[in-house]
Amino acid sequence: MAASTEQTLPDPDVEDGIKYWASQPASYDGVLGGFGNGTLPRVDALGSRQFLQHLLPELCTVPSAIRPLSAPSATSAPRRPRALDVGAGVGRVTSDVLLHLFADVLLVEPVAPFVAEALRRGRASASLPAGAGASIALDENPMAVPWKGVRARTTSVTFVQATLQEFDPARPSAAPKARVLGRVGYGSAEGGGDGAGGDDLDSGFDVVWCQWCLGALSDPDLVAFFKRSKAALRDPARGLIVVKENLCSETGEPRAVFDESDSSLTRWVRSMSRGTQVLMVGTMQVGPCVEGVV
């Protein structure tokens with residue numbers, strides 16, 4: 001692992017990164033680097049939900065002090081709330097965070113075994129018998145917990161295989177190398193879903209969620225992705241790009257660390273907004289991560 005205070009580090013190589021992650025298990029433990037079998041998935045998911053509801057109180061699905069009295073539910077609002085989950089792995093954030101707050105999620109992942117497992121999990125949830133798996137706790141067997149609303153077809157997930165270097169959130173259907181693998185839940189065929197992405201594929205997002213994946217982008221690719229994501233927000237005044245990443249310490253000189261194993265960069269926090277002219281609001285979460293809104 002190499003570190004530098006200057007721009008002398010190599011850029012991430014997307015093919016090397018995909019090759020590394022394709023060699024890891026397609027499971028929570030695999031995508032979380034060996035931390036998927038303890039309390040981390042639950043603590044991380046709950047912290048993410050709280051963070052989103054703090055910034056967008058209308059997403060709260062139960063009566064509370066933060067939810068506006070006039071706010072409709074996610075599935076009964078005039079416009080169904082939509083989220084984009086990029087670098088989504090096996091669908092952990094989609095299932096444990098976003099489907100609890102949004103009606104429709106577009107899941108994007110470049111690693112074939114990961115996105116195939118996410119699609120399998122989504123289809124399994126869509127075809128569950130009524131009541132099956134309802135008693136499974138997230139900290140007992142997170143991979144077996146049914147995806148909220150998918151069987152009842154009140155929520156939906158669309159699955160796309162693509163790299164962030166090529167993917168355009170404003171026009172998912174136009175990305176030349178993106179593959180729409182299927183959709184489950186609302187707007188899909190009966191049973192386990194169909195192979196279509198739905199007619200809302202290019203309808204924009206209320207939130208773009210980026211977690212533990214932006215290190216795979218070079219600085220120019222990162223800036224370009226942020227700009228494309230900003231263009232995909234339905235409401236520029238309320239829409240959010242959420243970044244949850246491991247970051248270098250803010251003490252001392254700005255620096256970055258290059259990890260040869262998966263060809264990724266860990267950046268200094270302020271470098272995440274380089275060239276984007278954005279406002280960052282952030283909170284620290286206990287553990288090896290930071291989350292913020294761009």
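Okay, here's what the table says:
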item	result
Near pairs, Cβ below 9 angstrom, 6+ apart or cross-chain, from the range 192-213 (hydroxyl-bearing (Ser, Thr, Tyr)) to any residue that is surrounded by fewer than 16 Cβ atoms within 10 Å (Cβ to Cβ) and at pLDDT 95 or above	Ser203/Arg234
When residues of the range 178-197 are limited to those that are part of a loop (DSSP other than H, G, I, E, B) and among the hydrophobic types (A, V, I, L, M, F, W, C), the one modelled with the lowest pLDDT	Ala196
Every pair of residues 6+ apart whose Cβ atoms lie under 7 Å, when the first sits in the range 25-42 and is within 18 Å of Glu245 (Cβ to Cβ) while the second is among the basic types (Lys, Arg) and at pLDDT 90 or above	Val31/Arg92; Pro41/Arg92
Count of residues meeting criterion [closer than 26 Å to Ser203 by Cα and β-branched (Val, Ile, Thr)] in the range 213-257	4
Qualifying residues in the range 149-177 (those that are among the aliphatic types (A, V, I, L, M) and surrounded by fewer than 21 Cβ atoms within 10 Å (Cβ to Cβ)) - the one modelled with the lowest pLDDT	Ala175
In the range 4-33, the residues that are exposed (fewer than 15 other Cβ atoms within 10 Å of the Cβ) and within 19 Å of the chain's Cα centre (by Cα)	Ala22, Pro25, Gly33
Of residues in the range 50-66 being outside any helix (DSSP H, G or I) and among the aliphatic types (A, V, I, L, M), the one surrounded by the most Cβ atoms within 10 Å (Cβ to Cβ)	Leu56
Unmet requirement for Arg92, which otherwise passes all of (1) open to solvent by 10 Å² or more (accessible area, probe 1.4 Å); (2) modelled with pLDDT of 95 or more; (3) over 15 Å from Pro142 (Cβ atoms)	(3)
Scope the range 212-263; condition among the small types (Gly, Ala, Ser) and surrounded by 17 or more Cβ atoms within 10 Å (Cβ to Cβ); matching residues	Gly215, Ala216, Ala224, Ser229, Ala232, Gly239, Ala256, Ser263
Qualifying position, being farther than 25 Å from Glu58 by Cβ and modelled with pLDDT of 95 or more, among Ala112, Ala130, Ala137	Ala112
Ser173 vs. criteria under 21 Å from Ala231 (Cα atoms) and free of Cβ contacts under 8 Å to residues at least 60 places away in the same chain	yes
Those residues of the range 207-225 which are part of a loop (DSSP other than H, G, I, E, B) and either among the aromatic types (Phe, Trp, Tyr) or under 27 Å from Ala103 (Cα atoms) (or both), in sequence order	Trp212, Cys213
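The values are calculated or read from the model by the stated rules, or taken from the named source; none is laboratory data. Everything quoted here is computed from the prediction, not taken from an experiment. Positions of Cβ are backbone-derived with ideal geometry, glycine not excepted, and every protein chain shown enters the neighbour counts. Accessible surface areas use protein heavy atoms only, side chains included; no ligands, DNA or RNA. Shrake-Rupley method; radii C 1.70, N 1.55, O 1.52, S 1.80 Å.
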